[in-house]
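K.L.:
Starting off with a structure, shown below.
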Amino acid sequence: MAGEVADELVFYCTDDRFFLEPVNTQQLLVIDRVTHEITLEENNGQIPFSASRKTVYGIVGIIHLIAGPYLILITKKIKVGTLNKQTIWRMSQWEVVPYARSMISLTPEQKVYNDKYLSMVQNLLSTPYFYFSYTYDLTHSVQRLYYTAEDFLQMALHERADVRFVWNQHLLRDLTVQPEMSLFCLPIIHGYISVKQAMIGGEWFTWSVISRRSVYRAGTRMWTRGIDQEGYVANYCETEQIIEFRDYRSSFITTRGSIPLHWSQEPNIRYKPKMVLAPSGHEEAFSRHFESQVLCYGKQVAINLIDQKGVEGKLQETFKHLIETNNRQMIKDNVKYEYFDFHHECRKMRWDRLSILMDRVSQDQESMGYFLFRDGMVLQEQEGVFRVNCIDCLDRTNVVQSMLARRQLQSCLSKMGILHENQKIEDHFSFESMFKNVWADNADMVSTQYSGTGALKTDFTRTGKRTKQGVVKDGWNSAVRYIKNNFFDGDRQDAIDIFLGKYQVEPGEGATRPCPLKETRDPRLYLLPMFLFFSLLMIFACILLPSEYTSFTLLSMLFWASMTGAAGFLTLLQGRQLVNAPRLCASVNLVQPPSVG
């Protein structure tokens with residue numbers, strides 16, 4: 001079948017070559033471990049009997065580190081479900097195989113750096129989840145696929161994939177330069193996919209949710225904010241809800257992405273670092289972003305959920321101003337701004353007030369519609385999307401997207417005849433529970449990929465109400481986010497930059513040229529947080545250990561309290577130097593403007 005990728009390969013390894021043999025074909029992919037040459041040959045029995053053998057399920061790609069190239073193979077996969085009679089898989093195990101048989105040519109320092117790079121790649125691959133299909137194009141929506149020409153569908157999967165969502169595009173470059181190797185080029189997306197068989201009123205249907213994270217301006221929560229000069233925004237994600245029932249197919253798309261302005265919020269040890277916004281220069285990138293969105297999806301309703309006070313208020317005002325005063329006809333005619341102060345409106349756990357927003361956008365949702373066809377005949381099209389954002393585009397954003405998806409699902413199931421007159425989704429407990437949990441899982445996966453932890457506020461998505469247990473869980477996740485964002489996310493950002501090809505490792509790093517991984521911070525800086533921790537311990541010791549309090553005890557407490565204050569002040573003063581910052585690329589935030597607010 002045209003466009004398919006080999007779904008099972010036998011991987012042979014010898015001292016000087018790798019062989020990848022697709023099952024049921026006579027073709028053989030041969031990789032020379034010494035010259036790095038890749039060729040496609042007929043299988044004429046050239047594989048030595050001494051070669052080690054292993055079954056693999058696809059090639060993620062080839063990554064070049066200090067020690068040379070590494071081949072990344074999928075060694076285990078898990079079936080997610082079936083879409084349009086085609087199987088969707090999740091990568092669950094992989095192997096990173098070096099071309100070089102040893103590292104004897106590297107200096108001890110180079111070995112350390114190479115191991116660090118390799119660890120970054122392994123950590124990124126372990127971030128849940130990566131998905132693929134050998135026959136179905138996961139990068140395009142149902143509506144886009146429906147309107148593609150037959151010639152397009154005959155192209156190889158990697159050639160016709162939407163490059164915005166192919167996470168291994170850079171890693172496949174050694175293979176894609178040779179068109180005859182398309183059988184081995186498997187596009188992989190990062191995000192979340194759920195495919196569920198559901199039943200309402202005795203009628204079975206397939207309900208799916210696909211979230212596709214963009215490779216452009218990809219990064220971690222605090223190190224990647226706002227927009228770049230090309231109009232790409234941080235944490236951009238396209239989410240599609242698909243329904244399949246008999247000869248019906250339906251699709252509904254929403255998008256999320258960082259506020260499309262030049263702004264940043266780099267970690268500095270403080271719990272909530274100050275946001276900075278460029279005083280000007282937003283217009284060009286802002287217009288590029290929305291023009292590309294209109295060209296791709298049609299009309300845009302930009303739902304902004306951030307606070308109206310403080311620096312968030314300044315972001316909100318600038319966002320609104322740029323839409324309302326934009327003089328480009330495409331944006332004037334097709335972009336609408338809808339502001340809703342989520343935290344203010346839903347304070348004191350009054351999340352029922354989200355119905356105010358839903359009522360305000362109901363006419364927009366009705367006019368933009370969703371894609372629906374039956375037996376090959378289009379019944380309606382989706383003519384626009386809701387572009388939803390909060391500050392992180394995670395927690396509040398997912399709640400609103402799930403409510404928009406619920407409304408579309410109610411309409412679609414009624415049109416398909418699954419829901420009868422006056423029936424509602426919430427009347428069917430089993431499906432209602434499934435719906436809530438899938439959307440909460442979607443929130444958790446996208447949040448884990450961007451912030452390092454599961455989403456906040458998922459108790460509302462899972463149960464339909466805000467709970468005290470959910471508030472406690474949110475507190476825990478917030479604390480973990482703080483630790484990861486300050487002390488681990490620099491390495492995560494570097495891993496993303498390597499994986500996507502934004503930074504390319506040079507073979508001579510650490511020997512003939514400097515390696516950016518070399519630690520340049522003064523190690524004495526770490527004495528500050530250590531002394532802060534020690535001072536706090538001494539305060540607790542002064543409180544808990546004495547059998548009675550004396551003047552000496554009180555003086556000791558006062559002394560250690562003053563030491564804690566001094567150590568805390570100095571730690572905050574040096575906070576930017578203490579955090580784990582990215583080292584491979586120049587700051588992913590393109591501007592370092594003066595702070596506002």
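The values are calculated or read from the model by the stated rules, or taken from the named source; none is laboratory data. The structure displayed is predicted, hence computed values, not measured ones. All Cβ positions, even for glycine, are placed from backbone atoms using ideal geometry, and neighbour counts span all protein chains on display. Side chains included, ligands, DNA and RNA excluded: accessible areas come from the protein's heavy atoms. Shrake-Rupley method; radii C 1.70, N 1.55, O 1.52, S 1.80 Å.
K.L.:
For Trp223, all conditions in the list (1) of a type in the set (Phe, Trp, Tyr); (2) assigned to a strand (DSSP E or B); (3) open to solvent by less than 10 Å² (accessible area, probe 1.4 Å) hold save one; what is the number of the exception?
P.N.:
Going through (1) of a type in the set (Phe, Trp, Tyr); (2) assigned to a strand (DSSP E or B); (3) open to solvent by less than 10 Å² (accessible area, probe 1.4 Å) one by one, Trp223 breaks only (2).
K.L.:
(1) without any contact (Cβ under 8 Å) to a residue 12 or more places away in the chain; (2) touching a Ser or Thr at 6+ places or on another chain (Cβ under 6 Å): which one isn't true of Ala161, the others all being true?
P.N.:
The number of the failed condition is (1).
K.L.:
So, one more: Considering region 1-39 alone, what residues qualify as being in a loop (DSSP other than H, G, I, E, B), under 15 Å from Ile62 (Cα atoms) and not aliphatic (A, V, I, L, M)?
P.N.:
Arg33, Thr35, His36, Glu37, listed by residue number.
K.L.:
Which pairs turn up if I take residues in region 508-527 that are in a loop (DSSP other than H, G, I, E, B) and look for partners that are among the β-branched types (Val, Ile, Thr) with beta carbon separation below 6 Å, at least 6 apart in sequence or on another chain?
P.N.:
Here the result reads Ala511/Thr107, each pair linking region 508-527 to a residue that is among the β-branched types (Val, Ile, Thr).
K.L.:
Between a first residue in region 327-347 that is open to solvent by 80 Å² or more (accessible area, probe 1.4 Å) and a second residue that is part of a strand (DSSP E or B), which pairs have beta carbons less than 8 Å apart while being 6 or more apart in sequence or on different chains?
P.N.:
Matching pairs, first to second residue: Lys336/Lys299; Lys336/Gln300; Lys336/Val301; Lys336/Ala302.
K.L.:
For region 354-434, list the strands (runs of 3 or more DSSP E) that sit wholly inside it and hold at least 3 residues that are open to solvent by less than 10 Å² (accessible area, probe 1.4 Å) and under 24 Å from Ser194 (Cα atoms); which are they?
P.N.:
Fully inside region 354-434 and qualifying: 384-389.
K.L.:
I would also like to ask the following. Which pairs have Cβ atoms under 9 Å, sit 6 or more apart or on different chains, and link a residue in region 529-547 that is closer than 27 Å to Ile483 by Cα and in contact (Cβ under 8 Å) with a residue 60 or more places away in the chain to one that is of a type in the set (D, E, K, R) and part of a helix (DSSP H, G or I)?
P.N.:
Once the first residue is closer than 27 Å to Ile483 by Cα and in contact (Cβ under 8 Å) with a residue 60 or more places away in the chain and sits in region 529-547, no partner that is of a type in the set (D, E, K, R) and part of a helix (DSSP H, G or I) comes close enough.
K.L.:
Oh, and also: May I ask you to say which residue of Glu109, Glu95 is in contact with a Leu (Cβ under 6 Å, 6 or more places away or on another chain) and modelled with pLDDT of 95 or more?
P.N.:
Working: Glu109 fails: in contact with a Leu (Cβ under 6 Å, 6 or more places away or on another chain).
Step by step, each of Glu109, Glu95 is checked, and only Glu95 is in contact with a Leu (Cβ under 6 Å, 6 or more places away or on another chain) and modelled with pLDDT of 95 or more.
K.L.:
Right, next: Filter region 69-99 down to residues that are more than 19 Å from Asn123 (Cα to Cα) and either of a type in the set (Ser, Thr, Tyr) or open to solvent by less than 30 Å² (accessible area, probe 1.4 Å) (or both), then give me how many there are.
P.N.:
Going through region 69-99 one residue at a time, the tally reaches 6.
K.L.:
Oh, and also: Hey, could you check region 254-271 for residues that are within 22 Å of the chain's Cα centre (by Cα) and of a type in the set (D, E, K, R) and say which is least open to solvent (accessible area, probe 1.4 Å)?
P.N.:
Checking each candidate, the answer is Arg256.
K.L.:
Out of region 208-220, which residues are polar (S, T, N, Q) and either buried (at least 24 other Cβ atoms within 10 Å of the Cβ) or in a loop (DSSP other than H, G, I, E, B) (or both)?
P.N.:
Ser211, Ser214, Thr220
K.L.:
Hey, another quick one. Quick check on Leu413: is it more than 15 Å from the chain's Cα centre (by Cα), in contact (Cβ under 8 Å) with a residue 24 or more places away in the chain and within 27 Å of Gly257 (Cα to Cα)?
P.N.:
Taking the combined requirement at face value, the residue does not satisfy it.
K.L.:
When only residues in region 454-505 that are open to solvent by 10 Å² or more (accessible area, probe 1.4 Å) and under 14 Å from the mean Cα position of the chain (by Cα) count, which is farthest from Ile72 (Cα to Cα)?
P.N.:
Checked region 454-505; the qualifying residue farthest from Ile72 (Cα to Cα) is Gly454.
K.L.:
Based on what the data block shows, is Ala581 surrounded by 15 or more Cβ atoms within 10 Å (Cβ to Cβ) and part of a helix (DSSP H, G or I)?
P.N.:
Spelling it out, it is not the case that Ala581 is surrounded by 15 or more Cβ atoms within 10 Å (Cβ to Cβ) and part of a helix (DSSP H, G or I).
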